[in-house]
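Asks: Structure below; questions to follow.
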Amino acid sequence: MPGLGWEVVGVEFILFCFLVFLGGLGLRIFDVVVLLLGFEPGPLVRAIASHSVKEGGVVYVFVPHFEDERADRAFADFKRVFDMMFHGKVGLEKVVVDVSSVSNAVAQIKDIFMRISSKDVAICLTGGMRVLAVATIYAYMLTPWRKDPYLEVYLENKGYSIEIPLLHKLVSLEITEEKREVLRALLGGPLGVYDVALEIGKDRSTVYRHLIWLESRGLVRRVGKVFEITDLGKLYA
């Protein structure tokens with residue numbers, strides 16, 4: 001039976017995927033599984049077959065906000081299999097991500113990751129638009145995980161996934177809470193050093209050092225005599 005594409009439909013498709021699911025029982029078990037939707041349901045089914053979800057857990061399916069009939073069909077097929085697998089014991093949430101702005105997409109996904117950062121999480125890059133995968137990876141790296149998530153990427157035309165090392169441990173910036181306070185003070189608009197110091201209750205020399213550090217990393221920019229937060233800085237605030 002080739003590839004779990006659109007040539008596999010209806011009852012045959014459901015039964016095939018159900019058998020794949022049964023074959024995956026007893027493997028890793030997670031509270032949350034994150035999937036990215038492409039044009040075929042097969043990679044998503046393989047992901048939840050390989051990584052069992054605890055009863056009461058949830059599966060998030062990230063989809064771009066663009067309308068696409070193929071993606072809609074893929075989600076409908078996946079949901080049909082999902083319902084047959086879990087019988088309501090595991091939640092399924094379709095998350096529409098606005099990918100017209102990478103920064104907004106990252107912020108939206110990071111907000112979800114922050115809520116699940118203390119749970120056992122599997123993030124499976126199972127398909128979808130490249131910008132959605134980039135935003136997911138970026139959000140993953142920006143999230144201060146309390147439990148290290150499992151991260152994998154599905155290999156197209158190979159039928160299996162490979163694990164990705166814990167990249168967030170290598171690339172995360174060491175931003176102190178005091179520096180985050182500076183960033184948050186700028187969320188309301190550009191401010192000078194004195195106004196930031198007044199806002200967060202710190203001395204001006206300390207605030208100035210923080211602003212220079214943040215500026216050197218692209219998190220704030222200087223505009224005349226004031227500083228403003230960048231899109232990247234908003235993700236760290």
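Bear in mind that the values in this text are calculations on the coordinates, not laboratory data. On a predicted model such as this, the values are computed, not experimentally measured, just so you know. Quick reminder, even Gly has a Cβ in these numbers, built from the backbone with ideal geometry, and neighbours come from all protein chains shown.
Asks: Quick one: what Rg and Dmax do you get for the chain from the alpha carbons, in Å?
Replies: 21.2, 69
Asks: Which of Gly192, Gly38, Gly127 ends up with the largest GNM mean-square fluctuation for the chain, with Cα atoms connected below 10 Å?
Replies: Of Gly192, Gly38, Gly127, the most mobile in the Gaussian network model is Gly192.
Asks: Using 17 Å as the cut-off for backbone N distance, which residues of the stretch 124-155 belong to the label zone defined by a point 7 Å from the Cα of Asp231 along Cα→Cβ?
Replies: Within reach of a label on Asp231: 130-140, 142.
Asks: Once you have a ≥ b ≥ c as the square roots of the Cα gyration tensor eigenvalues for the stretch 177-236, tell me rounded if a/c is under 1.5, and otherwise prolate or oblate according to whether a/b is larger than b/c.
Replies: Here the stretch 177-236 falls in the rounded category.
Asks: In addition: Please state the relative contact order of the stretch 109-188 as a whole percent: Cα pairs under 8 Å, 6+ residues apart?
Replies: Relative contact order comes out at 29 percent.
Asks: Can you work out the FRET efficiency for the pair Trp213 and Glu177, with r the C-beta to C-beta distance and R0 = 22 Å, to the nearest 0.05?
Replies: Working: r = 14 Å, r/R0 = 0.63.
It comes to 0.95.
Asks: Which FRET efficiency, nearest 0.05, do Lys147 and Ser100 yield, Cβ-Cβ r, R0 45 Å?
Replies: The calculated FRET efficiency here is 0.90.
Asks: A follow-up question, please. Once you keep just the Cα pairs under 8 angstrom separated by 6 or more residues, what percentage relative contact order results for the stretch 82-237?
Replies: Relative contact order comes out at 18 percent.
Asks: Quick check: from the Cα gyration tensor, does the stretch 36-145 come out rounded (a/c under 1.5), prolate or oblate?
Replies: oblate
Asks: I've got another one for you. Given Cα pairs under 8 Å that are at least 6 residues apart, what percent is the relative contact order of the stretch 177-236?
Replies: Computed over the stretch 177-236, the figure is 39 percent.
Asks: Also, quick follow-up: Among Ala197, Ala105, Ser50, whose Cα sits farthest toward the positive end of the charge dipole of the chain (+1 at Cβ of Lys/Arg, -1 at Cβ of Asp/Glu, about the Cα centre)?
Replies: Farthest towards the positive pole: Ala197.
Asks: Sort the stretch 127-237 into rounded, prolate or oblate with this rule: let a ≥ b ≥ c be the square roots of the eigenvalues of the Cα gyration tensor; rounded if a/c is under 1.5, and if a/c is not under 1.5, prolate when a/b is larger than b/c, oblate otherwise.
Replies: Details: a/c = 3.73, a/b = 2.51, b/c = 1.48.
Prolate is the answer for the stretch 127-237, as a/c is 1.5 or above and a/b outweighs b/c.
Asks: Right, next: Check Leu191: other-chain or 5+ apart residues with amide H under 5 Å from its amide H, H built from backbone geometry?
Replies: Correct list: Phe227.
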